[in-house]
Amino acid sequence: VWGPHVVRLIGLRSRPIFPFAGQSEWLRPDSRGRFSYDFMSTPDTQIEEVDLSGTLINHNGLENLVNQNKLQTLSLPGCPEVDDWFLARLHVFGESLLELDLSHCSRITVGGLTALQNLRKLKRLDISGLPQLQNPGLVWILLEEILPHCRVTGAEYEQGLIQPDSQEQTEDHHEASTHTGLRHL
Amino acid sequence: MWRKLFTSVPAFRALKAPCRSFSSSSRGAEKDFFKDLDTHLRAFRDKAAAAMPGSDWSPIELTPGLPPERADVVIVGGGVVGWSIAYWLKMKARVRDGLRVLVVEKDPTYSQASTVLSCGGIRQQFSLKENILLSLFSAHFMKNINNHLWVVNEDPVDLQFNHSGYLFLASEKSAHIMEENYRTQRYVGAKVALLSPSQLKERFPWMNTEGVALASLGLENEGWFDPWSLLNALRRKAVSMGVYQCFGEVTGFKCAANLAETTDGEVLNVQRIKYVHVRMPNSLEYQPVECAVVVNAAGANSGKIASMLGIGLGPKESVSGVPLPVEPRKRFVYVVHCPDGPGLDTPFLIDYSGVYCRREGLGGNYITGMSPEETEEPDISNLDVDHEFFQEKVWHRLAHRIPAFEQLKVSSAWAGFYDYNTFDQNGIIGLHPLVPNMYFATGFSGHGLQQSPAVGLAVAELILDGGYKTIDLSAFDLKRILLQEPIQESNIV
């Protein structure tokens, strides 16, 4: 399952970009949204990198990609429908996925990031700009602990910590953040 | 009664007022009179329509919170199973007010309800395919929960689902059971992986794998969530679709009895429920609710509801002598804090010794517990926690499996009831032959929460369609209790 099947079902007429193994250029639709079907002549190639940035892909759309067991890079920055259940489905790429970019996917929470423990070969993970993480710094530390070879980017240690110079607001913020922290963690 | 109607509508009293004033503003007073007359007449028309027979209005002063006098389906029990059934009944009925459903819950605070005291886990690692299908359906339901349960103008539902999966550990002697279960689970569609002890050690370095022969890890659709959010989401959606909610206790039933003869010549008393007596909290007042169908989703108290109908109180050899084998069983849950404990990859770990443990939040807190032996079941008259149980039974087994837990602190603990099916620890769904309009949906023995969306749909299909359409749960029918044919699940916690 690859190529045009993917394009039609996900309904992305202007976004998906797939490079194949052994082929270094990206396949992307032209300005009128037409996709060139040259790769139909090589049906056995495996997709290595998929860039779905800004698309509306969700956990159902992954159905089209689950057979790609050589997938190495998955870029999903700014996908509003990518949520925790989508991340839970990524375990099928456990043996091959090396890079995962999840920046600015507003629906992701810590509950979904724990599912990434199944991606044992992951080398790079980008978790910048996730608004539902209450303590991005803490999540960064915990993720680096569970994924041994992975370098997690996008969260700094100071994020989520109370800054020492705003002392008057710390009391209220501390109350609010502990309550919301307990709720959302 | 009609005099009260007339006097309560202001228009008829106000008619006298404009005539009394002889001032020059009589023209203004007349204008007000005609403007108000329209609204007053409309109010009078509505009141007159309400007073007609067939509506719920009555001139007698009523206690607030009484259930309606008649309903089509009365669901006894307002836990997650009861509300799930109410939701699916309304979803299948499609027409607004096509079916009047009433959910009766005796405790408005839900202080002893099993739903909210649950650890909130969901897994597909069962051995019976019905159980696997039930929790797969429930996981899919929760995946798209806002498609099902979102109400206009309200916040979207957030279950706070943690996708960490369940990890079952098997010793040498139960490894073959685990392999067989793995085949069933894969066949039915659950995403599970088997791990050897070395793979386990590589994957979870904080674990002591001594004694473990095989482990089974759920990869997808497994984890834990917030049961209170699910209960409230189901309740909010059901109420928005027109389900009546009543806080009261079911104290009895009024039935029409018929005699029926079995093939053996035995004469049985078949009771059809006509009225459900719902007693108001802290009061002796009760309302008989006339109904067509009653659903027993009372959880740990289902046995008590069944005995109100005489199930189990007859002579020992007859059908009426077999009680509903659902009893409350108390289970303790301890919250422990261990700063050096396992991190974000902690699954819901279930050891072969019976002890279980899962992460709670990101602050080094864990939830743990264990099922006691059959002979050492704790007292069910209250929900007090036995801390000795943790010290003596749970801690050393936990520390053996996760060495970091040798240093920990118990922050808090609570206890809750399982609606324990003493017969075979699986759900009981279906009709009783002696009560042709009471459907049972109980006895889930700790799995009620995770199976509730699917069970709700199954019972709604039974009531409205007469048979199962989505998942075939005939194996869980009540008649297996009467025929003494248990279906056992291996490895339950």
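For the reader, a short list of remarks on this structure follows.
- Placing unit charges on the Cβ atoms of the charged side chains and taking the dipole of chain B about its Cα centre, the candidate lying farthest along the positive direction among B:Ser135, B:Val250, B:Ser445 is B:Val250.
- On Cα atoms only, tilt of B:448-465 relative to the major axis of chain B in degrees: 50
- With both labels modelled 7 Å from their Cα along Cα-to-Cβ, the A:Ile141 to A:Ser128 distance reads 2.3 nm.
- Scattering profile of chain B at q = 0.13 Å⁻¹ [log10 I(q)/I(0), Debye over alpha-carbon scatterers]: -1.24
- For B:Leu362, nonlocal amide neighbours, meaning residues 5 or more places apart or on other chains whose placed amide H falls under 5 Å from its own, do not occur.
- Relative packing of peptides B:229-239, B:404-414 - highest average C-beta neighbours within 10 Å first: B:229-239, B:404-414
- In this label model, B:Ala49 and A:Asn67 are separated by 5.9 nm, measuring between points 7 Å along each Cα→Cβ vector.
- Among residues other than B:Tyr334 with Cβ under 13 Å from its Cβ, the summed charge is +1 (Lys and Arg +1, Asp and Glu -1).
- Amide N of the stretch A:64-97 lying under 12 Å from the label point, which is placed 7 angstrom from the Cα of A:Gln46 along Cα→Cβ: A:67-73, A:93-97
- For B:Thr109, B:Thr115, order by how many other beta-carbon atoms lie within 10 Å, fewest first: B:Thr109, B:Thr115
- Residues of type lysines that B:Lys330 reaches as a straight line, Cα spacing below 24 Å, ignoring anything fewer than 8 places off in the same chain: B:Lys106, B:Lys304, B:Lys393, B:Lys409
- Counting, for every residue in B:142-149, the Cβ atoms of other protein chains within 10 Å of its Cβ and taking the mean gives 2.
- Exercise: per-residue mean of other protein chain Cβ atoms within 10 Å, A:110-123: 5
- Cut-off 16 Å (backbone N to label point 7 Å along Cα→Cβ of A:Glu156), residues of the stretch A:108-142: A:127-130, A:135-141
- Expected-Rg normalisation [2.2 N^0.38 Å, Cα atoms] applied to the stretch B:277-397: 1.53
- Annotation: peptides B:76-82, A:109-115, B:92-98, A:72-78, ranked by per-residue average of other Cβ atoms within 10 Å with the highest first, follow the order B:76-82, A:109-115, A:72-78, B:92-98.
- Interchain or long-range residues, amide H under 5 Å from B:Lys274's placed H: B:Lys254, B:Cys255, B:Ala256
- Across chain B, the relative contact order, built from alpha-carbon pairs under 8 Å that are at least six residues apart, equals 19 percent.
- Taking amide hydrogens as placed 1.01 Å from N in the peptide plane, the amide H of B:Tyr352 sits under 5 Å from those of B:Leu169, each at least 5 positions away in sequence or on another chain.
- Cα-based helix-to-principal-axis angle, B:175-188 vs chain B, degrees rounded to 10: 40
- Residue exposure sequence - B:Met178, B:Met241, B:Met438, B:Met52 - by fewest surrounding Cβ within 10 Å: B:Met52, B:Met241, B:Met178, B:Met438
- Averaged over the residues of B:353-365, the number of partner chain Cβ atoms lying within 10 Å of the residue Cβ comes to 2.
- Efficiency of FRET between B:Arg183 and B:Lys92 - r from beta-carbon atoms, R0 22 angstrom, step 0.05: 0.05
- Most to least packed among B:458-470, B:260-272 [average Cβ atoms within 10 Å]: B:458-470, B:260-272
- Distance (nanometres) between label positions extended 7 Å along Cα→Cβ at B:Asp472 and B:Asn144: 2.4
- Proxy reagent accessibility, fewest Cβ within 10 Å first, across B:His387, B:His148, A:His59: B:His387, B:His148, A:His59
- In the stretch B:357-493, the convex hull through the Cα atoms has an average projected area of 11.2 nm², a quarter of its surface area.
- With R₀ set to 30 Å, the beta-carbon distance separating B:His387 from B:Ser229 gives a calculated FRET efficiency near 0.55.
- Taking the C-alpha atoms only, the angle from helix B:80-93 to the longest principal axis of chain B is near 60 degrees.
- Pairs from the list A:Lys121/B:Lys143; B:Lys129/B:Lys173; B:Lys129/B:Lys191; B:Lys143/B:Lys469; B:Lys90/B:Lys129; B:Lys274/B:Lys479 with a Cα-Cα gap above 25 Å: A:Lys121/B:Lys143; B:Lys90/B:Lys129.
- 3J(HN,Hα) along the stretch B:137-144: 4, 5, 5, 5, 4, 6, 4, 10 Hz, from the Karplus curve 6.51 cos²θ - 1.76 cosθ + 1.60 with θ = phi - 60°, whole Hz, x for Gly and Pro.
- Across the stretch B:373-474, C-alpha contacts under 8 Å between residues 6 or more apart give a mean separation that, scaled by the residue count, equals a relative contact order of 17 percent.
- For the stretch B:67-109, the relative contact order is 55 percent, taking Cα pairs closer than 8 Å that sit 6 or more residues apart in sequence and dividing their mean separation by the residue count.
- Residues B:Glu285 and B:Asp340, FRET efficiency given R0 of 56 Å [Cβ-Cβ distance, rounded to 0.05]: 0.45
- A Cβ-based charge dipole, computed about the Cα centre of chain B with Lys and Arg at +1 and Asp and Glu at -1, lands at about 2380 debye.
A short reminder: the numbers here are calculations on the coordinates, not readings from a lab. From a predicted model like this one, the values you see are computed outputs, not experimental measurements. Backbone-built Cβ (ideal geometry, glycine too); neighbour counts: all protein chains shown.
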